[in-house]
Every structure is written in structure tokens, then in C-alpha cells.
Amino acid sequence: MRIPIKDVTPAVERAHIAGWVHEERDLGGLTFLLVRDRTGILQVTIPKKKVTPEVLAAVKDATRESVIECEGVVKATEKAPGGRELVPETLRVISRAETPLPLDVSEKVLADLDTRLDNRYLDLRKPRINAIFQIRNACLRAISEYLWDQKFTQVQTPKIVAAATEGGTELFPLAYFDKEAFLNQSPQLYKQMLMSAGFDRVFEIGAIFRAEEHNTARHLNEATSIDIEMSFADEEDAMKMLENVVASAYAYVAEHCGDALETLGITDFKVPTVPFPRITYKEAIEISTAGGEPLVFGDDLSTAAERVVGEKMGTMYFITEWPTSTRPFYTMPFADRPEVCRAFDMMHPRMELTSGAQRCHIHSLLVEQIKAKGLNPDAFEFYLNPFRYGMPPHAGWGLGAERLVMTMLDLQNIREAVLFPRDRHRVSP
Ligand code: ATP
Ligand code: AMO
């Protein structure tokens, strides 16, 4: 029976393995094949004079990245990675890789990001790249488990929708029979409607679509958003939930992903401590201005300002009490000073990871706010009706999964954190 490569130790006498040919070396009388599966790499050593002609013929045919299987004797040796090697009695090429390869999986020849993404199936074979997705998987698992434990119900909301939610970013229009429709920018309106529907606490991990015109290292046109909404809660409750969710993802990775972190060369992985510091928007623009990036009340935080404030904070932190004018219509303003609202952003020193807020649950005020943003309330009837028939106060947030992974692993480009990224120039593969 085939066993995973990591289980091939000197303690097992015989092993049957299968995987991809990572590297091959021919030293005259000896040929080495490094064989890779998702658990590790094993040296297969072929003493040419001692193996059958069938094995020799197969070795000759086994080009790099071919899928092979072999069975034989396991021997301890200090000269091979992992302190063991396999001397095959049988070896078979299951699927021969053509030559030359479009991309060097062993990373001896480096490729630019575009070439890597064009040949993503090969790029993803690299242990280092695979490790990113093991960690991404661990984060999403940890976050789901944390939220389930906190009595959140996981939901799936429509991705084909009739209305925009987030100002400031464009929509992708869709040919939907005779109707106008778009790809959803955020589950925002749906998670709020579910508060009226009595779900109390919901979360969703799903795709969001944003027609960002520009190509940046931290924007995608299709991203994964981790969204929550909770009833009878204010922005402080939502912030507490968020810092615990983020800390639980880090803690899970620290506990369960040692091998993947090592593969990535990360030796100083730190779980952030909660609570994260909170500063107000006013304080943030003061820090930015003092640091040479002048901002006035009402400005959005520019990328340069985010960097100045991030450097000063040096850790994950919240920015609270945003100008109402900078936030979407669904945000609750403070009753005593309506120019400021109960919104927050959660920031990593490098960039924004999350936006959230206590929402406006008062129908008349919400209609006013929709109008104030120059939008037509009629287009939001499906969303507004639930506010007329019993809506609890509620709060929530959206956390970008790719930005979480990108900052956690110090990746330079957000595309590294997506299997098949969609950007301004890329819809394939
Ligand atoms: P919002 O929360 O407003 O919907 P967002 O979550 O996409 O936006 P960011 O994109 O991180 O937030 O916005 C932070 C800052 O990044 C913006 O104020 C702007 O300076 C910069 N920025 C946003 N979008 C782009 C873009 N497409 N190209 C270049 N810079 C951008
Ligand atoms: P916002 O628009 O700030 O808020 O999005 C929330 C988070 O989603 C991530 N994100 C992106 N990641 C990559 N590429 C993009 N183009 C992109 N756009 C957004 C970011 C961002 O912080 N409805 C609100 C959330 C809420 O209030 O519940 C919203 O969508 O990490």
C-alpha cells in the first residue's frame, strides 16, 4: 500500500511511494531521483548495476515532474534528506512530463510572478507555495471553529445581486436575462437582513467582486471576505469579536502549522496579544500629519498615511470614530455628534485588514442616509423592508482573507495568497 513520504523512515523496512520527480542526478553508476508528494521529499537511489532492466528503463523515462511510483527497501543514510533513502525494486512512470518544463518547480531558476501565475498548477507544486495554502486553510478552519463556538451560523448569500453596497468601488455588471444585475461587492445587505430574520449571529466566508481599475499589490478583483454580523451588539462588541478571531487564527497556525512555517522560512511567528490598541480617526490623522502625511478631517487614510500610522503603532490596531461622510450608508452615526459614526477599521501595520461598524437599524434614518449618498432608496426596497418590521440593533465586519494571510506571512503581493488570482489583466487560468 502506498504511504506518504513523510512516513518513510529508516524504521520502515519497505515502502511503496508515489509522487512527482522533483530533481534527478546521474552520477554514472548511481542515479538519484528526489520524489515529492504533499508530505515531503524522498531520495530514491538507483544503483544501476543492481536494479532490473525495467527499473533502469523507467528511470530513463522519468523526466522532472513526471508522476512515478516505486517500491523497495528503505535504508538509513546521512547523505540523503531526512536521513533515509529508498532503493527501488519496482519503479513505474505513471504520467510522463514533457520537456522542457514551463516553470522550474525546484526553484533553481526563478520566474516572475506573471509566468508563475500563467503556470499556476506547476507553481503550486513548490513546497513553499503549497505551504501558503496550508496556512490559509488553517486560518479559515480556525476562524470557522471560533465563530461556531461563539454560536454563529454559517450562511451563504447570493453573489448575483441587484444593488451596490460599498461606495467607492465599481461593480461588475452581469447579463442576467432581461434584468440589470451585478456580482456582489459584499454580503453586507444580506447579513443585515438576516438580523431581522432572527439569526442573531451569522458568518460567511465567500467571494466578493470589486471592479478596481488599478493594479496594486493588495487589491484583487475577486477576493475572499470573512464576514460576520451580530445582533444586540455595538461596534465595541464587533471589535472584540474581531481581535479574538484574528488572534485565534494566529494561535492555530502557531500550534498546527510548524512545518509549513518552517518551509516558508518563518522563525519568529508571533501570536498578537489582545486587546489590540484603539485610536480614533482624529488621532490617526494627527499621527499621519505629524509624520509628514498631512490629512484633514474628512479625508480617507491614504496608503502613505496608513504606512505612517502603522509604523508608529507597530502592531495590529483599530481606528474608530470615522467621519460619517467617509463611510457607507449603512453605518450608525453617533446620536450626539452625527458627523462621526460608529465605524472602525482594523489595521495591520502594513495595511487595512477589516472594516466594520455598528449599523443603522432605524428605517427612517437609513433612508435618509441612502439619499445623502446620492442613491435611490427604491433600489434598496428589498433591503429596507426588514427594517420596517422589527430590526434589532446590530454590528459586524468584513475581514479580507487574502490580506490576513498576506500580512501573516509577510507576502509581498496579495496574489500570492490566492490559488488563481483575478486582477485587471488576468481572468485565466
Ligand atoms: P473601502 O474600505 O473604502 O471599501 P478598501 O477596503 O478597498 O476600501 P483600501 O483599498 O485598503 O480599502 O483603501 C485604503 C487606501 O488605499 C485608499 O484610501 C487609497 O488611498 C488606497 N487605494 C484604495 N484603492 C486603491 C486602488 N484601486 N489603487 C490604488 N490605491 C488604492
Ligand atoms: P470593505 O470594503 O472595507 O468593507 O472590505 C472589507 C475587507 O475586505 C478586503 N477587501 C479586499 N481584499 C482584496 N482586494 C480587494 N479589492 C478588496 N476589497 C476589500 C479588505 C477589506 O478591509 N461591508 C463592509 C464590511 C462590513 O462593514 O461588514 C465591506 O465590505 O481586507
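The values are calculated or read from the model by the stated rules, or taken from the named source; none is laboratory data. Remember, predicted model here, so these are calculated numbers, not experimental data. Neighbour counts are summed over all protein chains in view; Cβ atoms, including those assigned to glycine, are modelled from backbone coordinates with ideal geometry.
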Testing Ala249 on (1) touching a strand residue (DSSP E or B) at 6+ places or on another chain (Cβ under 9 Å); (2) buried (at least 19 other Cβ atoms within 10 Å of the Cβ), one condition comes back false. Which one is that?
(1)
Residues that are modelled with pLDDT of 95 or more, within 13 Å of ligand 1 (Cβ to nearest atom), crowded, with 22+ Cβ neighbours inside 10 Å and within 26 Å of the chain's Cα centre (by Cα): does region 358-370 have at least one?
no
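Kindly check whether there is at least one residue in region 173-187 that is more than 9 Å from ligand 2 (Cβ to nearest atom), in contact with a Pro (Cβ under 9 Å, 6 or more places away or on another chain) and under 23 Å from Lys151 (Cβ atoms). Let's see the steps before the verdict.
The first filter runs over region 173-187 and keeps only residues more than 9 Å from ligand 2 (Cβ to nearest atom), leaving 173-184.
Of the ones still in play, those that are also in contact with a Pro (Cβ under 9 Å, 6 or more places away or on another chain) are 180-184.
Among the residues that remain, those that are also under 23 Å from Lys151 (Cβ atoms) are: none.
Scanning region 173-187, I find no residue that is more than 9 Å from ligand 2 (Cβ to nearest atom), in contact with a Pro (Cβ under 9 Å, 6 or more places away or on another chain) and under 23 Å from Lys151 (Cβ atoms), so the answer is no.
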Hits in region 302-317 - residues which are under 23 Å from Thr273 (Cα atoms), out of contact with any Asp or Glu (no Cβ under 7 Å at 6 or more places or on another chain) and either within 14 Å of ligand 1 (Cβ to nearest atom) or not in a loop (DSSP other than H, G, I, E, B) (or both):
Arg307, Val309, Gly310, Glu311, Lys312, Met313, Tyr317
Would you pick out the residues in region 159-210 that are touching a residue at least 24 places away in the same chain (Cβ under 8 Å) and among the basic types (Lys, Arg)?
Lys159, Lys191, Arg201, Arg210
Out of region 337-353, which residues are more than 13 Å from ligand 1 (Cβ to nearest atom), in contact (Cβ under 8 Å) with a residue 12 or more places away in the chain and in a loop (DSSP other than H, G, I, E, B)?
Pro338, Glu339, Pro349
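Among residues belonging to region 78-88 that are loosely packed, with under 15 Cβ neighbours inside 10 Å and in contact (Cβ under 8 Å) with a residue 24 or more places away in the chain, point out the one that is nearest to Val21 (Cα to Cα). Show your work before the answer.
Filtering region 78-88 for residues loosely packed, with under 15 Cβ neighbours inside 10 Å gives 78-79, 81, 83.
Within this subset, residues satisfying the condition of being in contact (Cβ under 8 Å) with a residue 24 or more places away in the chain are 81, 83.
On the way: Pro81: 15, Gly83: 19 Å.
The residue in question is Pro81.
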Considering only residues that are in contact with a His (Cβ under 9 Å, 6 or more places away or on another chain) and within 13 Å of ligand 2 (Cβ to nearest atom), look in region 284-334 and name the one that is farthest from Phe232 (Cα to Cα).
Met316
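Among the strands (runs of 3 or more DSSP E) confined wholly to region 19-137, which include 1 or more residues that are touching a Cys at 6+ places or on another chain (Cβ under 7 Å)? Spell out the reasoning first.
Numbers: elements: 30-37, 40-47, 67-76, 84-95.
Fully inside region 19-137 and qualifying: 40-47, 84-95.
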Odd one out for Thr165, checked against (1) over 30 Å from Asn244 (Cβ atoms); (2) part of a loop (DSSP other than H, G, I, E, B); (3) in contact with a helix residue (DSSP H, G or I) (Cβ under 8 Å, 6 or more places away or on another chain):
(1)
